[in-house]
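Read the figures in this text as sums done on the coordinates, not as results from a lab. Because the structure is a prediction, the values reported are computed rather than measured. Cβ: placed from backbone, ideal geometry, glycine included. Neighbour counts: every protein chain shown.
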Amino acid sequence: DTGVSQDPRHKITKRGQNVTFRCDPISEHNRLYWYRQTLGQGPEFLTYFQNEAQLEKSRLLSDRFSAERPKGSFSTLEIQRTEQGDSAMYLCASSGTGVSGKLFFGSGTQLSVL
Amino acid sequence: AQRVTQPEKLLSVFKGAPVELKCNYSYSGSPELFWYVQYSRQRLQLLLRHISRESIKGFTADLNKGETSFHLKKPFAQEEDSAMYYCALSDSGSQGNLIFGKGTKLSVKP
């Protein structure tokens, strides 16, 4: 499968713990996005990278959230001191520089904070 | 504020009936509008973009700036069209920060 891959698929953690998710984009894509989706809602934009540079962050992204893309390839999203409100599906997407708005999504990481 | 509204959470039609999934947006600039679709147990994927003015899987969507709408239409629904549909907008000057609506679940009955 040459699509966007995310790991893990599911994560259960206790409140207060730190969690880290990984995303591997389509190899030729230089743009990478993180979105969050809760039940009954559409995906909400969190942050965006072009190559290794983090170019845009949503106000939704509190200081407990940090994302990196150190070599312009895979990305990690870390949540520190998790809260029950962080429970959601975390989606990663990537795109090339060609077609605007054509994002390729991964299957997501489902986070449950107990 | 930028916003996408999909007024229907669920739309149920019979096979062969016409379908219209509604989408209204609020944006003061020059938005680009998209429809994304998620079939059962599959990933979210782009269905069509307003700028392409194309028909995909029999679906079309016309951007109506006067009514700030981008409704998705298909004249004859098929069972395989059953899925979750999301309308999204992007600032034409941005790099892909999409604002999604809450989605409409389309159920096509045999």
Long-range amide H partners of A:Glu56 with built H, under 5 Å: A:Tyr48
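Give me a single rounded figure for A:92-98: the average over its residues of other chain Cβ atoms within 10 Å of their Cβ. Please report the intermediate quantities before stating the final value.
Details: counts 0, 4, 1, 3, 0, 1, 0.
Across the residues of A:92-98, the mean count of other-chain Cβ atoms within 10 Å is 1.
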Within a Gaussian network of chain B (alpha carbon springs, distance under 10 Å), most fluctuating of B:Tyr39, B:Tyr25, B:Tyr85: B:Tyr39
For A:43-50, mean number of other protein chain Cβ atoms within 10 Å: 4
Per-residue HN-Hα couplings for region A:105-114 [Karplus 6.51, -1.76, 1.60; θ = phi - 60°; Hz; x = Gly/Pro]: 8, x, 7, x, 10, 8, 9, 10, 9, 8
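Tell me, rounded to the nearest percent, the portion of alpha carbon pairs in the protein assembly as shown spaced more than 26 Å apart.
Details: 9295 of 24976 pairs.
In whole percent, the long-distance tail amounts to 37.
Using Cα-Cα distances under 8 Å and only pairs 6 or more residues apart, what relative contact order does chain B have, in percent? Don't skip to the answer; put the middle values down first.
Values: 265 pairs, mean separation 41.7, N = 110.
It comes to 38 percent, rounded to a whole number.
By per-residue mean of other Cβ atoms within 10 Å, what is the highest-first order of A:59-71, A:98-110?
Details: A:59-71: 13.4, A:98-110: 18.8.
Those peptides, ordered most packed to least, come out A:98-110, A:59-71.
How big is Rg to Rh over region A:1-48, alpha-carbon atoms, Rh as the Kirkwood inverse-mean-distance radius? Before the final figure, lay out each step's value.
Working: Rg = 12.9 Å, Rh = 12.9 Å.
Here Rg/Rh amounts to 1.00.
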Most mobile listed residue (A:Leu55, A:Leu77, A:Leu32) in chain A, GNM with C-alpha springs under 10 Å: A:Leu55
q = 0.13 Å⁻¹, chain B: log10 I(q)/I(0) [Debye, one scatterer per Cα]: -0.44
Options B:Ser69, B:Ser52, B:Gln38, ranked by Cα towards positive dipole end of region B:16-69, top entry (Cβ charges): B:Gln38
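With charges only on Cβ, +1 for K and R and -1 for D and E, what is the dipole size of region A:16-69 about its Cα centre, in debye, rounded to 20?
Working: 7 positive and 7 negative charges, 36 e Å.
Dipole size: approximately 180 debye.
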Cβ-defined net charge surrounding B:Val19, 13 Å radius [Lys, Arg +1; Asp, Glu -1]: +2
Student exercise, the protein assembly as shown dipole from Lys, Arg, Asp, Glu Cβ charges, in Debye to nearest 20: 440 debye
Histogram of C-alpha separations across chain A, 10 Å bin width, %: 15, 50, 29, 5, 0
Size of electric dipole in chain B: Cβ of Lys, Arg +1 and of Asp, Glu -1, about Cα centre, debye, nearest 20: 280 debye
Among B:Lys74, B:Lys22, B:Lys57, residue whose mean-square fluctuation peaks in a GNM of chain B (springs only between Cα atoms under 10 Å): B:Lys57
